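Okay, so here's the structure we're looking at.
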Amino acid sequence: MSRIVYLNGDYLPENEAKVSVFDRGFLMADGVYEVTSVLDGKLIDFAGHCIRLGRSLSELGMKNPHSNDEWLAIFREIVARNAVTDGMVYLQVTRGNPGDRDFAYPSPEVEPTVVLFTQAKPGLADSPAAKTGWKVISIPDERWGRRDIKTVQLLYPSMGKMMAKHAGVDDAWFVQDGFVTEGTSNNAYIVKGNKIITRALSHDILHGITRAAVLRFAKEAQFEVEERNFTVAEAQQADEAFITSASAFVMPVVEIDGAAIGSGKPGNVAARMREIYLDEMRKAAL
Ligand code: PDD
């Protein structure tokens, strides 16, 4: 079945949506994106994704083409037109098509290119992987220095995912100056006793929307939260590990660089946080 995608105000069959070869998203990776989950036909943490979109755009000196209410209407329309029950909405805003290639930004009159599409993932919240957990390898973090901006510059994360695939595992954790930054497309955590440890926010990592919610729920559930750096060796000695992202929610990590973490099985804290996150987010979904 052909999807209906959104392009600059129009809802079109996917094979009719066309973007210029001069679009700066294509030539310069000059664009930002958001991935928002849909469960039971409703948007998960829409407000959080909207706020981060605004921040990414402003950090790159781009105007936000829509108000939050307009974005919500577009998101709801694309979900409805594609009859998505469980899955994701992908949104991308680029600096548009100036009509030629130039390193300098075009004048602000050039309209941004706005694209949305859906990805149906029936049973997204019941992923069998949540029961077995992910295995990860560590690799050097060779991304650019502004990972807090959610740009479409995803080549190194993509290379990382391929390194993980070739190693026969599920994902890679990036390491910079001896400390884990994050996963290829998720934030990374370890658990020691009652304590959940994750790297503090800075330009080094994406400020995960799922991370913010999970840390809030963790504190409410009386877990101690420590935002600090940790090494791969510390992760290997931890009781548990997990990752968070809008598409994987809370996913246990059971092995890093061939060493089992804790019992080598998904831990109770990760399971609990996944349950709380999904319950609370379903209740607040729009
Ligand atoms: N990735 N860190 C990185 C590098 C990411 O790409 C992502 C999200 C996260 C988690 O952020 P959030 O909780 O807001 O999804 C952390 C999305 C899911 C993706 O690229 O598909």
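Pick out which of 72, 206, 43 has the largest mean-square fluctuation in a Gaussian network model of the chain, springs linking Cα atoms closer than 10 Å.
Taking springs between Cα atoms under 10 Å, the residue moving most is 72.
Using a basic spin-label model with each label point 7 Å from the Cα along Cα→Cβ, how many nm lie between residue 103 and residue 20?
Placing both labels 7 Å along Cα→Cβ, they lie 2.1 nm apart.
With a 1.4 Å probe and all protein chains left in place, how much accessible area per residue does the stretch 175-242 have, in Å²?
40
What is the extension gain from residue 59 to residue 86, computed as 0.36 nm multiplied by their sequence separation minus the C-alpha to C-alpha distance, in nm to one decimal?
The span from residue 59 to residue 86 would gain 6.6 nm if fully extended.
Using only Cα atoms, what is the ratio of the radius of gyration of the stretch 176-286 to 2.2 N^0.38 Å?
So the stretch 176-286 has a normalised radius of gyration of 0.99.
Taking just the C-alpha trace of the chain, give me its Rg and Dmax in Å.
Here Rg and the maximum Cα pair distance are 19.2, 57 Å.
Just the number: Rg to Rh for the stretch 41-80, Cα atoms, Kirkwood Rh, two decimals.
Result for the stretch 41-80 is an Rg/Rh of 1.01.
Tell me, what ³J(HN,Hα) does each residue in the stretch 266-274 have, in order and in whole Hz, if you take phi through Karplus 6.51 cos²θ - 1.76 cosθ + 1.60 with θ = phi - 60° and put x for Gly and Pro?
x, x, 5, 5, 4, 4, 5, 5, 5
If the only charges are +1 at each Lys and Arg Cβ and -1 at each Asp and Glu Cβ, what is the size of the charge dipole of the stretch 129-284 around the Cα centre, to the nearest 20 debye?
Roughly 420 debye for the stretch 129-284.
Can you list the HN-Hα couplings for the stretch 29-37, worked out from phi with the Karplus curve (6.51, -1.76, 1.60; θ = phi - 60°), rounded to whole Hz and with x for Gly and Pro?
Karplus values, whole Hz, x for Gly and Pro: 6, 8, x, 10, 8, 9, 10, 10, 7.
Using amide H atoms built in the peptide plane, which far-off residues or other-chain residues are under 5 Å from residue 261 H to H?
Placed amide hydrogens put 255, 256 under 5 Å from residue 261.
Rounded to the nearest percent, how much of the accessible area of the chain (1.4 Å probe, protein heavy atoms only) is carbon and sulfur?
53
Between the stretch 99-176 and the stretch 27-89, what's the alpha-carbon centroid distance in Å?
16
Averaged per residue, what accessible surface does the stretch 78-130 expose to a 1.4 Å probe, in Å²?
That works out to 52 Å² per residue.
Stick to the Cα atoms of the stretch 45-131, pair each with every other, and give me the Kirkwood hydrodynamic radius in Å at one decimal.
Its Kirkwood hydrodynamic radius stands at 15.0 Å.
Just to confirm the filter: which chymotrypsin sites (Phe, Trp or Tyr not before Pro) across the stretch 97-190 are DSSP coil and have at most 13 other Cβ within 10 angstrom of their Cβ?
103, 144
What's the ranking of 276-286, 9-19 by average number of surrounding C-beta atoms within 10 Å, highest first?
276-286, 9-19
Output wanted: per-residue J couplings in Hz (rounded whole) for the stretch 142-155, from phi through Karplus 6.51 cos²θ - 1.76 cosθ + 1.60, θ = phi - 60°, x for Gly and Pro.
Result, rounded to whole Hz: 10, 7, 6, x, 10, 6, 6, 8, 8, 8, 7, 6, 10, 5.
The values are calculated or read from the model by the stated rules, or taken from the named source; none is laboratory data. Keep in mind it's a predicted model, so treat the numbers as computed, not measured. Counting neighbours? That spans all protein chains shown, and the Cβs are built from the backbone with ideal geometry, glycine included. SASA here: full protein model, heavy atoms, side chains in, ligands and nucleic acids out. Shrake-Rupley method; radii C 1.70, N 1.55, O 1.52, S 1.80 Å.
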